[in-house]
Amino acid sequence: MKPFNIDERSLPPLFDVGAVWTILRQRWLTVLASTCIVLLLTLAYLAVAKPSYTATASVMIDPRDPRATNLNNVLPGIGSDSAAIASQVFVIESRDLLMKVFESEDIENDPEFAGGGLLSRFGLAPHPTKDSIFKNFQRAVTVERAGLTYVIDVNFVSRYADKAARIANAIVDRYRAGLSGERETANSDVNSLLSSRIGSLQKNVSDAEQEVGDFKVSHQILDASAGGTLQSQIDKLTDQLIAARSDADQAKDKYAQALAAGTSPAGLAKLSEILSSEATVKLRENYNQRAADLANYEAMYQPRHPIIKRLRSELEGMQSLMAVEAQRITRELKAKSDLATQNVAALQAKLDDLRQRLASSDAAQVQLRQLEAKAKAARTVLDDFLKRAEETSQMQGLQLQEARVISAAAPPVQPTWPKPLLLLPVSAALGLIIGCGLALVRGPKHRPEKDPTPPIRSSLLHVEPLTATVAEIAQSQPTPVNLGEYRLPGVAGAGAYLSIRAMRRRFFQAGNEVFSRDVLQLMRRIILHLTEHPKPYVLLISPLHTPLAARLAGAMVGLGLEQAEQNVLVVEFDNQPGLQASVRDGNGVFVSGASGLRTVVYNRPAAEDTSSSARLGLDDILAKAGSFDFVLLMGPSVADGNWDPALFGEADLMLFALSPAEEVAEAAKMLRQRLDVDQIERSATLTIAAEHVDARQGRVVRSIRPAGDGEQGDRISARG
């Protein structure tokens with residue numbers, strides 16, 4: 001069977017707020033009782049609970065290292081490292097520090113922490129030990145760092161405000177005293193160690209200096225700076241030798257450049273760059289002047305002109321003079337190079353002599369320097385120890401505390417627990433939630449005059465037992481479910497055919513959403529009374545006395561199921577006796593011209609035929625209906641003598657259509673006479689009436705009366 005789909009706009013949501021509110025309104029006594037019980041329990045707790053007070057003392061760890069002098073402290077400050085600040089929280093919570101406060105405040109004899117509880121008053125609990133008392137005291141202490149700041153809050157909880165403030169301040173004072181004591185103790189310890197080592201250091205210095213003096217006497221070293229003087233001379237000669245070698249290299253380079261330049265005028269120009277000379281400059285100027293004049297006259301006269309000959313003769317003379325000057329410069333550069341080479345050799349000889357003199361005294365000087373270094377090191381260590389010992393002795397009592405109290409603990413005015421302003425609203429809200437939960441678990445109150453059905457779900461079927469009134473349950477007499485009264489559209493004076501066509505048009509006309517929704521609501525209630533099994537589901541629709549009401553009810557149910565996307569087959573019973581099941585269009589199924597539903601006609605056997613043969617023809621039709629989801633059997637009137645309950649024993653639900661003139665109570669009485677208990681539990685009644693026109697408002701009025709004892713139901717109006 002296809003899923004039973006219904007337009008969500010016409011159905012309640014998954015979470016029906018209205019249904020929840022209805023349950024809570026019906027079970028308001030449960031909600032009120034739960035809220036009152038929780039409030040009473042809270043008030044009882046507030047009456048017997050002993051108040052506790054929390055006192056807080058705030059300490060700031062100064063990250064700066066306070067100094068009274070420029071001397072270095074033996075124990076530096078805590079510093080600004082976040083981990084170091086956080087570690088102070090554990091220092092304050094440490095057992096050693098709290099044990100000192102525990103002993104100084106005589107907590108062991110305090111009844112607040114030494115009391116063993118209610119059992120100890122009756123002698124059922126052993127006397128608390130010191131360790132258990134200390135644990136009670138330790139649980140009352142809370143140390144927290146204020147975020148990432150340098151502030152640490154020390155909290156102490158007690159039943160007495162003065163005691164809470166006193167012990168919180170005592171913990172802070174003990175912590176600060178411990179920080180100061182650590183520094184003073186460190187100074188005293190270091191001073192004692194230094195004093196014990198100074199005597200041995202003085203003896204070491206005296207022995208080292210005596211050894212140096214003995215070595216000088218044995219090696220006849222009277223002037224300790226002799227080696228140093230030779231070394232300084234060697235250093236000076238080394239510097240001079242390096243400079244002389246540099247000058248000799250430069251002189252050789254200049255001499256080599258002079259030889260490469262030659263004696264030509266161009267070479268003389270290069271020599272003037274190597275060695276500046278006034279004669280060279282003048283010769284070059286005269287040569288250049290004569291060469292310029294010669295070039296000018298050659299442009300003006302013939303080569304044999306006397307002026308040109310004279311100028312050429314002068315240029316040749318100038319070239320010879322320049323060659324002589326170039327040779328002179330070359331000889332001068334060679335002399336300088338030779339002199340520089342000789343100077344290097346002389347310096348090298350002196351340096352070798354000094355090194356030989358120094359080598360003879362190296363062994364003794366090395367040993368002497370080692371002894372002097374040893375004596376100097378001993379003297380340096382002794383001086384450091386003497387200086388540090390003097391500093392630490394003067395630092396006693398001059399170191400400032402790095403932890404200072406920024407807020408001393410004061411006796412709190414209000415207790416931290418219990419808080420009535422917090423507990424009462426919370427307990428009221430908790431009681432309200434518990435009461436609502438209990439009310440929802442218990443569900444709605446049972447109302448016998450209505451057919452309670454849960455909201456439609458998006459599943460195929462939902463099985464729910466049929467309900468009965470309280471009086472009928474008391475009398476153990478089951479009764480069919482009343483599905484209400486429905487006024488359907490019809491044609492005045494017309495038969496069932498035209499009335500069904502009018503109802504079918506109503507489904508597809510715009511503005512009739514209310515009509516379609518109400519029909520789908522009826523389909524939901526019908527399906528909720530079905531037991532789930534493989535398709536098809538068989539529904540029997542029979543009249544009590546009026547066949548027209550049954551035909552209208554069958555058409556309404558069939559059209560409603562098709563609107564919910566279900567495959568429906570209608571089986572109509574022919575009144576002609578002696579005929580078997582009629583076959584039309586091959587398989588016997590045709591489309592009804594009135595309802596548009598697929599229909600098959602079943603011809604009942606004659607009266608003399610047995611019921612087994614009649615059942616055989618109907619079973620064949622049901623066997624062929626395996627592809628359908630629902631089969632609607634349009635049975636005869638229940639008041640008819642031919643109505644056989646055994647023929648419809650396999651029907652999942654029997655719907656009996658009533659006219660407005662027929663009473664539901666009389667119909668139920670008749671059905672109890674003709675049906676057994678199981679069939680009555682699978683039965684339901686609904687009243688079918690025609691619409692009437694309200695002339696005052698010009699609207700078509702349709703009344704739906706829910707199942708009940710005949711009282712007037714809700715009235716729903718829709719414009720046709």
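How would you rank 205-215, 329-339, 592-602, highest first, on the average number of other Cβ atoms within 10 Å across their residues? Numbers along the way, then the final one.
Working: 205-215: 14.5, 329-339: 17.1, 592-602: 18.7.
Packing proxy ranking, top to bottom: 592-602, 329-339, 205-215.
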In nm, spacing of pseudo-spin labels at Ser627 and Asp353 (7 Å Cα→C-beta vector) | 13.8
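In whole Å and largest first, what semi-axes does the C-alpha gyration tensor of region 86-219 yield when each eigenvalue is scaled by 5 and square-rooted?
Numbers: eigenvalues 633, 72, 24 Å².
Gyration-tensor ellipsoid for region 86-219: 56, 19, 11 Å.
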May I ask which residue of Ala292, Ala346, Gln367 lies farthest towards the positive end of the charge dipole of region 287-395, with charges of +1 (Lys, Arg) and -1 (Asp, Glu) on Cβ and the Cα centre as origin?
-> Ala292
What is the spread of the Cα atoms of region 479-541 along each of their three principal axes, largest first, in whole Å?
-> 39, 25, 25
Distance between modelled label sites at Ala256 and Ser659, nm, 7 Å Cα→Cβ extension = 14.7
With T = 20 °C, eta = 1.002 mPa s and Kirkwood Rh from C-alpha pairs, the Stokes-Einstein D of region 158-206 in µm²/s is about 152
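Could you give me D for region 290-343, from Stokes-Einstein at 4 °C and 1.567 mPa s, where the hydrodynamic radius is the Kirkwood radius over C-alpha pairs? Units µm² s⁻¹, please. Don't jump to the answer; show the numbers that get you there.
Working: Rh = 13.5 Å.
Here the translational diffusion coefficient equals 96 µm²/s.
Compute the signed sum of charges (Lys and Arg +1, Asp and Glu -1) over the other residues within less than 14 Å, Cβ to Cβ, of Arg304. Can you show the working numbers first?
Numbers: positive: Lys309, Arg310, Arg312; negative: Glu298.
Local charge sum for Arg304: +2.
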Here region 290-427 gives, from Cα atoms, an Rg and Dmax in Å of 50.6, 142
Roughly what would the spin-label model give for Gln367 and Arg166, points 7 Å off Cα along C-beta, in nm?
-> 8.0
The summed charge of the Ser158 Cβ neighbourhood (under 12 Å; Lys/Arg +1, Asp/Glu -1) stands at +1
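A short reminder: the numbers here are calculations on the coordinates, not readings from a lab. In this text, all values refer to a predicted model and were calculated from it rather than measured experimentally. In this analysis, Cβ positions are derived from the backbone assuming ideal geometry, glycine residues included, and neighbour counts consider all displayed protein chains.
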